[in-house]
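Contents: one structure, followed by commentary.
The values are calculated or read from the model by the stated rules, or taken from the named source; none is laboratory data. Computed from a predicted model, the values in this text were never measured in an experiment. All Cβ positions, glycine included, derive from the backbone under ideal geometry; neighbour counts span all protein chains shown. Quick note on the areas: whole protein, heavy atoms, side chains included, nothing else; ligands and nucleic acids left out. Shrake-Rupley method; radii C 1.70, N 1.55, O 1.52, S 1.80 Å.
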Amino acid sequence: MNRPHEDGARGWPPPLEALCVALDTPDLEGARRLVAVLAPRVGWFKVGLTLFARHGRDAVEVVRSSGRSLFLDLKCHDIPEQIAGAVASARDLGARLVTVHAAGGRAMLQAAVASRGPGMRIVAVTVLTSLDGPGFARVWPGEDPGSVVARWTDLAVEAGADGVVLSPREVAAARGRVPPGFFLVVPGLRGPGDDAGDQARTGTPAQAYADGADLLVLGRSVTRAGDPVAALERVLEGS
Ligand code: C5P
């Protein structure tokens, strides 16, 4: 895949492997319906805490049977020994991408990396895309999201992680400070006029991709639309 830091430009729409839909529903049948209609149009599906806590392996199977790649968004944050075990379990479930929190520190990230299987990526969650303003200041007084994301991105690189999760606002800066091939996963994507919901640091998919995102995570603006296929088509038109 071409990256802007390599050739100065990338076309839109992006290839399938740069597109992920988040199956954030407690309803396994609902997840199955989304996968059935969206599988021809995206390379990845994300199983997160809502679906996984209720349906575990069955949720994983819905994605695996579609032939698309499984992003298991466990957002692990625990002592290194536990994280090593969690990543090994995710590996055995066939996950190709697993999230751990950068806030867990270097040893925790290294434990995750050491447990991953071939073809699997460990990405470190930096500052949640739902945090900004007073909510952010309560956790990191006197700082700004861009600086914390930069610091944690450096930590993830040092620990040997394969990438980070960050908001659309920090993609361009991160792309400029990470080694080639470091995987930038970007949620918090909204088109003009989309409801932001609980997200705070949002941006458009087309801009995030132009800035150097490797994987665009599309959630409610597609999955909660009356017609998810039409909503995805709108995204791909760049609106
Ligand atoms: O529905 P929406 O587009 O806001 O979904 C965003 C998805 O990205 C959710 O599945 C959420 O878990 C995930 N995510 C996020 N912020 C992060 C990491 C993951 O919103 N920092």
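A few remarks follow.
- Residue satisfying all of: in the stretch 185-200; near the ligand (Cβ under 9 Å from one of its atoms) and assigned to a loop (DSSP other than H, G, I, E, B); surrounded by the fewest Cβ atoms within 10 Å (Cβ to Cβ) among these: D198
- Among the criteria (1) surrounded by 23 or more Cβ atoms within 10 Å (Cβ to Cβ); (2) over 20 Å from D211 (Cβ atoms), the one G117 does not fulfil is (1).
- Leading residue by the ranking (most open to solvent (accessible area, probe 1.4 Å)) among those in the stretch 161-184 that are touching a Ser or Thr at 6+ places or on another chain (Cβ under 8 Å) and touching a residue at least 60 places away in the same chain (Cβ under 8 Å): V165
- Test: residue in the stretch 221-229 that is modelled with pLDDT of 95 or more, at positive phi and open to solvent by less than 30 Å² (accessible area, probe 1.4 Å): no
- Every condition in (1) within 15 Å of the ligand (Cβ to nearest atom); (2) in a helix (DSSP H, G or I) is met by A161 except one, and the failing one is (2).
- Odd one out for F182, checked against (1) within 28 Å of M108 (Cα to Cα); (2) touching a helix residue (DSSP H, G or I) at 6+ places or on another chain (Cβ under 6 Å); (3) not acidic (D, E): (2)
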